[in-house]
Amino acid sequence: MTWRIVGIEEHDAYMNMSIDEAILEHVKSGVAQPTIRFYRWSPSAVSIGRFQSMRDEVNVDRCVELGVTAVRRITGGGAVYHDYSGELTYSVIAPQSMFPKGIRESYEVICGWIIKGLGNAGIDASFAPINDITAGGKKISGNAQTRKDGVLLQHGTILYSLDVSRMFSVLNVSAEKISDKMIKSVEERVTCVLTQRQMSYDALYSNMLKGFCEGKEWEAGNLSGDELDRAAQLRGTYSSDAWNFYR
Amino acid sequence: MDGIYKLKVHGGKLVIVKIGYSDRIERIQILGDFFIHPEESLGLIEASLVGLPARSTREKLSGAVREVAEMEGIEMIGITPDAIAEAALLAMA
């Protein structure tokens, strides 16, 4: 089956999540090809996992002050700060039948594409179950997956640069914990592309694109009008307090 | 009474249980960075614990979760029935 590659786009957090779900619905109904999309978050955003509490995880007032949008994902996993300049995000949306039945195994398949991309960029990375990728023993990519009606959706981030202070300012970490020691502790566990190897954001994207496309039959494509219309509808849900604050 | 407990699952994710109870579990919310497939089934897991005696054994609570998980074909990643039971009991301790 030929993959559709939707090149890098910028949207706000609500629209990014809405587009992922709209594609999932269109793949499910058979009108969209299996799709890989790349995107950035504009403005910068925080996403929380499906089962997290927004108020527990996110400093909502600080987000408002900084113009950072906060959204609940359809997928599980943890809270992530998506800095506009600091990360590259991808989604893979395709029939489940194209992947191993086991969720853990399918994480490994898709994470393998990211590892290839990082390898292309000269960064030696490896899969760290359940859903992470590490470079030099530190996390460089986090990923989350859901499956709905026979369609697999996995999205995740590749950290390009790291600003721990900024990250802590929007996530709910108590003031006393935002110490130099704690920042150092995060820097000991998390890494980013720029720490591993100097390269432009565009170079990272180009290498990731190659990593994802290698060995596949693919074509460049755009989102259809129907997908965009549906995403605009779904945006209402993703931007609602009923969704974002339901836990 | 209300209780809360955060438990890091060995080799897994963080599980947070918020619980309201008297002699029985009256309400429970399971939060964290784990994965449950399908996602909507977390409500079934929570519901399986409501009404059980607050002094239940860990086996009783984890058994209730395991039973609903098996019946509904729920897959849990980074979280286990035992971890939920443990966190619930510690939230009521």
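The values are calculated or read from the model by the stated rules, or taken from the named source; none is laboratory data. Bear in mind that the values here come from a model prediction, so they are computed numbers and not experimental data. Cβ atoms come from the backbone with ideal geometry, glycine included; neighbour counts cover every protein chain shown. Ligands, DNA and RNA are excluded from the accessible area calculation, which covers all protein heavy atoms including side chains. Shrake-Rupley method; radii C 1.70, N 1.55, O 1.52, S 1.80 Å.
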Would a scan of segment B:41-53 turn up a residue that is within 14 Å of another protein chain (Cβ to nearest Cβ), of a type outside the set (Phe, Trp, Tyr), in contact with a Lys or Arg (Cβ under 6 Å, 6 or more places away or on another chain) and open to solvent by 10 Å² or more (accessible area, probe 1.4 Å)?
no
Which of the residues that make up segment B:60-93 are closer than 23 Å to B:MET1 by Cβ and open to solvent by 60 Å² or more (accessible area, probe 1.4 Å)?
B:LYS60, B:LEU90, B:ALA93
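With a cut-off of at least 1 residues that are within 16 Å of A:LEU24 (Cβ to Cβ) and within 14 Å of another protein chain (Cβ to nearest Cβ), name the strands (runs of 3 or more DSSP E) lying wholly within segment A:82-152.
Details: elements: A:87-95, A:125-128, A:132-135, A:138-148.
Hits in segment A:82-152: A:138-148.
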Tally time: how many residues in segment B:10-27 are touching a strand residue (DSSP E or B) at 6+ places or on another chain (Cβ under 6 Å) and within 12 Å of chain A (Cβ to nearest Cβ)?
6
Positions within segment A:28-51 being open to solvent by less than 10 Å² (accessible area, probe 1.4 Å) and either away from chain B (no Cβ under 14 Å) or assigned to a loop (DSSP other than H, G, I, E, B) (or both), in sequence order
A:PRO34, A:THR35, A:ILE36, A:ARG37, A:PHE38, A:TYR39, A:TRP41, A:ALA45, A:GLY49, A:PHE51
Of the criteria (1) of a type outside the set (Asp, Glu); (2) at pLDDT 95 or above; (3) not in a loop (DSSP other than H, G, I, E, B), which one A:ASN222 fails:
(3)
All but one of (1) away from every other protein chain (no Cβ under 13 Å); (2) surrounded by fewer than 15 Cβ atoms within 10 Å (Cβ to Cβ) hold for B:ILE4; state the number of the condition that does not hold.
(1)
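Within segment A:28-44, which residues are over 11 Å from the mean Cα position of the chain (by Cα) and closer than 22 Å to A:MET208 by Cα? Explain how you work it out, then say what you get.
Start the filter on segment A:28-44 by keeping residues that are over 11 Å from the mean Cα position of the chain (by Cα), which leaves A:28-36, A:42-44.
A:GLN33, A:PRO34, A:THR35, A:ILE36, A:SER42, A:SER44 - these are the residues of segment A:28-44 that are over 11 Å from the mean Cα position of the chain (by Cα) and closer than 22 Å to A:MET208 by Cα.
Looking at segment A:53-77, which of its residues are within 14 Å of another protein chain (Cβ to nearest Cβ), more than 26 Å from A:LEU24 (Cα to Cα) and outside any strand (DSSP E or B)?
Residues of segment A:53-77 within 14 Å of another protein chain (Cβ to nearest Cβ): A:53-58, A:72-77.
The next check asks that each one be more than 26 Å from A:LEU24 (Cα to Cα); those that pass are A:55-58.
Selection gives A:ARG55, A:ASP56, A:GLU57.
Might you let me know whether segment B:63-75 holds any residue that is within 13 Å of chain A (Cβ to nearest Cβ), over 22 Å from A:VAL80 (Cα atoms) and within 13 Å of the chain's Cα centre (by Cα)?
Just the residues of segment B:63-75 that are within 13 Å of chain A (Cβ to nearest Cβ), to begin with: B:73-75.
From what's left, over 22 Å from A:VAL80 (Cα atoms): B:73-75.
Of the ones still in play, those that are also within 13 Å of the chain's Cα centre (by Cα) are none.
The answer is no; no qualifying residue exists.
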Considering only segment B:1-60, how many residues are farther than 11 Å from B:ALA88 by Cα, small (Gly, Ala, Ser) and without any contact (Cβ under 8 Å) to a residue 60 or more places away in the chain?
8
